[in-house]
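Presented below is the structure to which this report refers.
The values are calculated or read from the model by the stated rules, or taken from the named source; none is laboratory data. Computed from a predicted structure; not experimentally measured. A quick note on method: Cβ atoms are made from the backbone with ideal geometry, for glycine too, and the neighbour counts reach across all protein chains shown. These accessible areas exclude ligands, DNA and RNA; they are computed on the full protein's heavy atoms, side chains included. Shrake-Rupley method; radii C 1.70, N 1.55, O 1.52, S 1.80 Å.
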Amino acid sequence: MEKVRIVIAGPRGRMGKEAVYLTGRTDHFELVGVLDYKHEGKRLNELDDFTSPAYDVPIYTDIEKCLQEVKPDVLIDLTTPEFGMFHAKTALQYGVRPVVGTTGFTNENLAELEALCEEMDRGCIIAPNFALGAVLMMKFSKLAAKYFDDVEIIELHHDRKLDAPSGTAVKTAELIAEVRKPKKQGHPEEKETIQGARGADFDGMRIHSVRLPGLIAHQQVMFGADGETLTLKHDSYNRTSFMSGVRFAVDEVLKANVLIYGLENIME
Ligand SMILES: NC(=O)C1=CN([C@@H]2O[C@H](COP(=O)(O)OP(=O)(O)OC[C@H]3O[C@@H](n4cnc5c(N)ncnc54)[C@H](OP(=O)(O)O)[C@@H]3O)[C@@H](O)[C@H]2O)C=CC1
Ligand SMILES: O=C(O)C1=N[C@H](C(=O)O)C[C@H](O)C1
């Protein structure tokens, strides 16, 4: 089997580091370079966390130079929304398939990438959450929303997280909105005496974002009806929990020539 040539953007980050280690333990993956806006000209295995010879690959700050020189099949982005979008666009323009875990993309970003995938005849996967249990939680939420119109999403994350609400919460709300009867929840005359008390409004349903040290990534989706509630809950207790989804996405993107937004679209 030919190895999949992979570049990782954001290798020093919490997720990027795990993705580097994933390439090291996956026989058919080959890390061929990384994108890091610090350490230009060094090799990855010169950095403290990556001393294994498996990580003796070049560090680039310039994505075009990186793609031209190491010619990857797939670029995995785990950076920030601004750079994630730039990296995904540039990769597609070079015929390289992006797998993006970075959250905070706008609908305009998604539309632009969808058009670029079509133009370049290349796939791109944007996965707001790679944890397979989280994807199932989202699927089950959509199923439950057929029967329950009242729902509140509570997402809980570590306090180093930049975006709120989380990409997972937004995706969950989008999936629910596909089937839920439009409804403004709560009392029609409710008033917030402290701004934000009722959370963010997405199509009349509410999203609450909790940020605390000690947390990793957690979400509860609470449905309510007369005399009953249904709570769907998922917890990631470490970042390795995301890696089987990253491996799955890399394998799947190679077969794709369109934008795939969310692993639920390709998980049977
Ligand atoms: N889809 C999923 O399952 C998951 C997605 N995420 C998402 O992944 C993203 C990263 O999360 P996390 O790892 O926790 O964040 P970190 O802040 O730990 O990592 C981001 C890394 O990207 C680096 N970086 C920033 N800009 C660039 C650039 N232009 N080129 C290369 N590297 C760059 C940062 O460097 P520096 O620190 O020096 O600025 C940092 O090392 C977030 O959007 C998060 O929401 C997180 C977990 C799971
Ligand atoms: O920043 C994180 O940590 C996470 N981000 C993703 C999101 O925004 O949903 C996925 C997971 O929740 C962890």
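A few points about this structure:
- Set Leu175, Leu230: member being closer than 14 Å to Ser141 by Cβ, at pLDDT 95 or above, open to solvent by 30 Å² or more (accessible area, probe 1.4 Å) and touching a helix residue (DSSP H, G or I) at 6+ places or on another chain (Cβ under 7 Å): Leu230
- Scope the stretch 225-253; condition within 12 Å of ligand 1 (Cβ to nearest atom) and assigned to a strand (DSSP E or B); matching residues: His234, Ser236
- Qualifying residue in the stretch 200-212 (condition: open to solvent by less than 30 Å² (accessible area, probe 1.4 Å), closer than 27 Å to Asp251 by Cα and in contact with a strand residue (DSSP E or B) (Cβ under 9 Å, 6 or more places away or on another chain)): no
Yes/no matrix, rows are residues, columns are (1) more than 28 Å from Tyr237 (Cβ to Cβ); (2) of a type outside the set (A, V, I, L, M, F, W, C); (3) within 16 Å of ligand 1 (Cβ to nearest atom):
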residue	(1), (2), (3)
Thr172	no, yes, yes
Pro182	yes, yes, no
Glu189	yes, yes, no
Ala197	yes, no, no
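- Those residues of the stretch 1-18 which are within 16 Å of ligand 2 (Cβ to nearest atom) and surrounded by 16 or more Cβ atoms within 10 Å (Cβ to Cβ), in sequence order: Ala9, Gly10, Arg12, Gly13, Met15, Gly16, Lys17, Glu18
- Enumeration of residues in the stretch 214-268 that are under 15 Å from the mean Cα position of the chain (by Cα), closer than 17 Å to Leu75 by Cβ and basic (Lys, Arg): Arg247
- Condition check for Ala256: away from ligand 2 (no atom under 16 Å from the Cβ) and either small (Gly, Ala, Ser) or in a helix (DSSP H, G or I) (or both): yes
- Test: Lys161 is under 15 Å from Val221 (Cα atoms), within 16 Å of ligand 1 (Cβ to nearest atom) and open to solvent by 40 Å² or more (accessible area, probe 1.4 Å): no
- Condition met for Phe50 (within 16 Å of ligand 2 (Cβ to nearest atom) and not charged (D, E, K, R)): no
- Those residues of the stretch 61-79 which are farther than 17 Å from Tyr261 by Cα and either in a helix (DSSP H, G or I) or within 16 Å of ligand 2 (Cβ to nearest atom) (or both), in sequence order: Ile63, Glu64, Lys65, Cys66, Leu67, Gln68, Glu69, Val70, Thr79
- Qualifying residue in the stretch 64-73 (condition: open to solvent by 20 Å² or more (accessible area, probe 1.4 Å) and within 9 Å of ligand 1 (Cβ to nearest atom)): no
- Checked against (1) in a loop (DSSP other than H, G, I, E, B); (2) within 15 Å of ligand 2 (Cβ to nearest atom), Lys181 passes all but condition (2).
- Comparison of Ala115, Ala54 shows that the only residue that is more than 16 Å from ligand 1 (Cβ to nearest atom), under 23 Å from Phe248 (Cβ atoms) and surrounded by fewer than 18 Cβ atoms within 10 Å (Cβ to Cβ) is Ala54.
- Restricting attention to the stretch 237-255, the residues that are out of contact with any helix residue (DSSP H, G or I) (no Cβ under 8 Å at 6 or more places or on another chain) and open to solvent by 10 Å² or more (accessible area, probe 1.4 Å) total 6.
Quick grid of which residues meet (1) crowded, with 21+ Cβ neighbours inside 10 Å; (2) among the hydroxyl-bearing types (Ser, Thr, Tyr); (3) over 23 Å from Ser209 (Cα atoms):
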position: Leu92; (1), (2), (3): yes, no, yes
position: Thr103; (1), (2), (3): yes, yes, no
position: Asn107; (1), (2), (3): no, no, no
position: Met120; (1), (2), (3): no, no, yes
position: Cys124; (1), (2), (3): yes, no, yes
position: Leu132; (1), (2), (3): no, no, no
position: Lys146; (1), (2), (3): no, no, yes
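- Scanning the stretch 121-157 for residues being within 11 Å of ligand 2 (Cβ to nearest atom), within 22 Å of Arg206 (Cβ to Cβ) and in a loop (DSSP other than H, G, I, E, B) gives a total of 2.
- Some residue of the stretch 19-40 being outside any loop (DSSP other than H, G, I, E, B), open to solvent by 60 Å² or more (accessible area, probe 1.4 Å) and within 16 Å of ligand 2 (Cβ to nearest atom): no
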